[in-house]
1. Could you order the peptides 82-91, 223-232 from most to least packed, using the average number of other C-beta atoms within 10 Å per residue?
2. Are there GluC sites (Glu not before Pro) in the stretch 45-107 that DSSP puts in a loop and that have at most 15 other Cβ atoms within 10 Å, and which ones?
3. Among the lysines, which fall within straight-line cross-link reach of K260, defined as a Cα-Cα distance under 18 Å, with same-chain neighbours fewer than 8 residues apart omitted?
4. When only DSSP loop residues count, what chymotrypsin sites (Phe, Trp or Tyr not before Pro) in the stretch 1-54 have their Cβ near at most 12 other Cβ atoms within 10 Å?
5. When the convex hull of the Cα atoms of the chain is projected onto a plane and the area is averaged over all directions, what value comes out in nm²?
6. Which pairs, out of K20/K51; K130/K229; K32/K221; K158/K218; K32/K225, put more than 19 Å between their alpha-carbon atoms?
7. Antiparallel versus total DSSP beta bridges in the stretch 8-260: what percent is that, nearest 5?
8. Show me, for the stretch 240-252, the HN-Hα J-couplings you get by feeding each phi into the Karplus relation (A = 6.51, B = -1.76, C = 1.60, θ = phi - 60°), rounded to Hz, glycine and proline as x.
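The values are calculated or read from the model by the stated rules, or taken from the named source; none is laboratory data. If you're wondering where the values come from, they're calculated on a predicted model, not measured in any experiment. Glycine gets a Cβ as well: all are built from the backbone with ideal geometry, and neighbour counts include every protein chain shown. All accessible areas refer to the heavy atoms of the entire protein, side chains included, with ligands and DNA or RNA removed. Shrake-Rupley method; radii C 1.70, N 1.55, O 1.52, S 1.80 Å.
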Amino acid sequence: MTNTKENVVWITGASSGIGKAMAFEWARLGYKVVLSARRKELLEEIALEIKNSGGDTLVVPVDIMEEKSIENAVQSIITTWGRLDIAVANAGFGVFGSIDKLTAKDWNRQLQGNVTGLALTVKYTLPHLKQNQGRIGLVGSVGAYLPNPHVGAYGASKAAVYSIGLTLQAELKGTGVSCTTIHPGFVVSEIARIDNEGVWHPERPDPRPSKLMWPTDKAAKVMVKAIMKRRRNYVFTTHGRVFVWLQRWFPGLVRTIVSKGPKPE
């Protein structure tokens, strides 16, 4: 991957947060960037900014809840640019509520988006990635390793992402395609402002500790670097790594700490 001007990276969930920041980072490094999410108008604003900076980009709206939408998006990329070198399955969301309150609808929506949508993103990109010994980036969460009171469905979905990453690393052995599963701690995002029906509430406060929150541009740089280095599993933010370590050796302490944390609406 020395000639980055010919390399194509596809990012789902690129309309905001980490996905948007990664789009700018890949463009800065000289890659052709495919932007995907449901909100086409936001993607077009990002694309214009990248183009004004001299980058090359393509907007392909996608709904990860629909398999055909994912399949069609990949076909659009290949039709337009003829190749795909990196696929970053970043799209996802959180369903909030304690285990005794969540409905079957809540669970189905959470797992359809964060697990099935991610797995199908990989499925439809793999034939093209194998042609170029490409890279897969799966965006998980530190929550994959921790207890997640009041966001148990989200934590379960990210634990599944961790498992999918481990499985892909075995299944892809010998193909030249790498899979990097990235587990961020607290990073600035809209996740706390989207309710269980997918409706955005800009006025809703984010219950996560602001002092521990990483800015998206900082997060994007370390995530892109991990994918480029073909790391297998990458946990970041210092506090994220500390909590994962504590969970391994002092799980009782972690249960006590997280049980006293703020409850999302």
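1. Working: 82-91: 23.6, 223-232: 17.2.
Top of the packing list down: 82-91, 223-232.
2. Values: sites: E45, E49, E66, E67, E71; in loops: E66.
Passing both the DSSP loop test and the Cβ count: E66.
3. K211
4. Those that pass, being in a loop and sparsely packed, number zero.
5. Working: hull surface 55.0 nm².
The number I arrive at for the chain is 13.8 nm².
6. Values: K20/K51 14 Å; K130/K229 17 Å; K32/K221 17 Å; K158/K218 22 Å; K32/K225 17 Å.
Exceeds cut-off: K158/K218.
7. On the way: 1 of 27 bridges.
Looking only at bridges with both residues in the stretch 8-260, the antiparallel portion is about 5 percent.
8. Karplus values, whole Hz, x for Gly and Pro: x, 5, 4, 5, 5, 5, 4, 4, 5, 9, 9, x, x.
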